[in-house]
1. Kindly check whether there is at least one residue in the range 313-325 that is open to solvent by 30 Å² or more (accessible area, probe 1.4 Å) and over 30 Å from residue 386 (Cβ atoms).
2. Can you name every residue in the range 231-257 that is exposed (fewer than 15 other Cβ atoms within 10 Å of the Cβ) and out of contact with any helix residue (DSSP H, G or I) (no Cβ under 8 Å at 6 or more places or on another chain)?
3. Can you tell me which residue among 123, 178, 138 is modelled with pLDDT under 85 and either surrounded by fewer than 16 Cβ atoms within 10 Å (Cβ to Cβ) or within 21 Å of residue 241 (Cα to Cα) (or both)?
4. Would you confirm whether or not the range 393-411 contains a residue that is of a type in the set (A, V, I, L, M, F, W, C), modelled with pLDDT of 95 or more and open to solvent by 70 Å² or more (accessible area, probe 1.4 Å)?
5. Only one residue in 315, 239, 321 is closer than 19 Å to residue 145 by Cα and touching a Pro at 6+ places or on another chain (Cβ under 6 Å). Which one?
6. Quick one: which residue in 306, 260, 331 is modelled with pLDDT of 95 or more, of a type outside the set (A, V, I, L, M) and surrounded by 15 or more Cβ atoms within 10 Å (Cβ to Cβ)?
7. Here is a list of conditions, (1) of a type outside the set (Ser, Thr, Tyr); (2) in a helix (DSSP H, G or I); (3) more than 19 Å from residue 136 (Cα to Cα), and residue 76 meets all of them except one; can you say which number that is?
8. For the range 65-85, name all the residues that are crowded, with 16+ Cβ neighbours inside 10 Å and among the aliphatic types (A, V, I, L, M).
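The values are calculated or read from the model by the stated rules, or taken from the named source; none is laboratory data. Keep in mind it's a predicted model, so treat the numbers as computed, not measured. Backbone-built Cβ (ideal geometry, glycine too); neighbour counts: all protein chains shown. For the accessible areas, the whole protein counts, side chains as well, though only heavy atoms, and no ligand, DNA or RNA atoms are used. Shrake-Rupley method; radii C 1.70, N 1.55, O 1.52, S 1.80 Å.
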Amino acid sequence: MTASGRCLLIAVTLLASASVPAARAAEPATAWAAASEAYAAGSYDDALRLFRQARAAGQAGPAIVYNIAVCEYRLRDYAAARASFAELDQRFPAMRPLAQYNLGLVALKLGNREEAAGHFRSSYFLAGDDLKLRAMASTMLRRLVGESLPESAWLSFASLRGGYDDNVILQDETGMASDLVAESPFVEVFGTLSGPYRGRDDGSGVRFDGGFLLLRYADVEEFDQSYLYVGGAYQWRRGRWDADLTAHAGTTTLGGDGFDRSLRIGSRLTYRLDASRSVALRYRYEDVSALDTVFDGIEGSRQRVDARYRWYDDGRRLHIGLTQESNDRADPGVSPDKTRLDVDYRYEPEVGWGYGIGGELRASEYGGIDPPRDEDLLQLELSVTRYTAAGWQWFARYVRADNDSSDPLFSYERNQLSVGVYRIF
């Protein structure tokens, strides 16, 4: 039996055994007591027969329905178990989180991974403050579709990394030439906070989003950056379709001085092809204002359209994306049109060593300057990650970029090596 199979059976056993004593205390009927003894002895045929007798004799409430369903599951009568857990879900609202979780287990046994993921997701969002059940549902979602959800109603992410960058550059935002950049050690702290959803039991509804970034360079303090954003989103889910609308406001400092202020709105539509694959289309609009007259050239807008394909299976994850970006800024030197193709593959085990490899091809056109300029960027990223049972993930990452410009002044190479740690809370 696989580890995941053992986990599924252990989960059912624990949940069943937790309900048996409570039910026995509530109704010490002879048939119920005999059924409980038979179940404890592993005689699931006898336990099922006796639980049904207890129900026919007048035993009522969610405990009898639940224990009948668990016996049917143990006897591999999954069609009957699904009907019994569905009855538990429909008749007893307080039992819905547990019923949805077990319906997910049944769906897995019947080979329907997509249906199972939907039940686990519902169990997670219905569980409220039941951290044990939320953790179990989150674990199953991660194994099925790579969807990481926190044990609490809030999702937070924190990371710390440090390393060395041999070409600190902000060319896209400031139009700086490659001979003006420098190299330096750096430290970066990044964090986000999101949730909770307020709405349906499938996770639809409104959420809060916020985050920050602190980036400090040892040798070029004028490139130190701070970024803070707040906002929210509305997410809608129906069957295989997910959609969301987002709005965020953010501000950035550069070298300790105000750099820009931005307002971003966006929308995304995702279609799940099956439990392992999905495609998505996203649109984002950003309005940018400069916070210092030195940076007046960055004022204007940016628009992006992304098409994404995602595949996940047993810790292996593949993303393929195509992005079209257009800029309308006060300075044509920072108003490129960009087309980007990126591919990212990762192996992310529950515990142990994982790895990632990603690549990006980007073509940029600066048509508003004289003479016009074209650029082609090739970037490669390699990473190794140690996944721990405590939830902390340690990583080492190397990024190599090569930008080829029709104006040699804007051609550059970049190498960045960093190590760090992150965790989802």
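1. Checked against the condition, which is being open to solvent by 30 Å² or more (accessible area, probe 1.4 Å) and over 30 Å from residue 386 (Cβ atoms), the range 313-325 yields at least one hit.
2. Across the range 231-257, the qualifying residues are 232, 238, 239, 241, 245, 247, 249, 257.
3. The unique qualifying residue is 138.
4. Yes; the residues of the range 393-411 include at least one that is of a type in the set (A, V, I, L, M, F, W, C), modelled with pLDDT of 95 or more and open to solvent by 70 Å² or more (accessible area, probe 1.4 Å).
5. So the residue among 315, 239, 321 that is closer than 19 Å to residue 145 by Cα and touching a Pro at 6+ places or on another chain (Cβ under 6 Å) is 315.
6. When all the criteria are applied, what remains is 306.
7. Failed condition: (2).
8. Listed by number, the residues that qualify are 65, 68, 69, 70, 80, 81.
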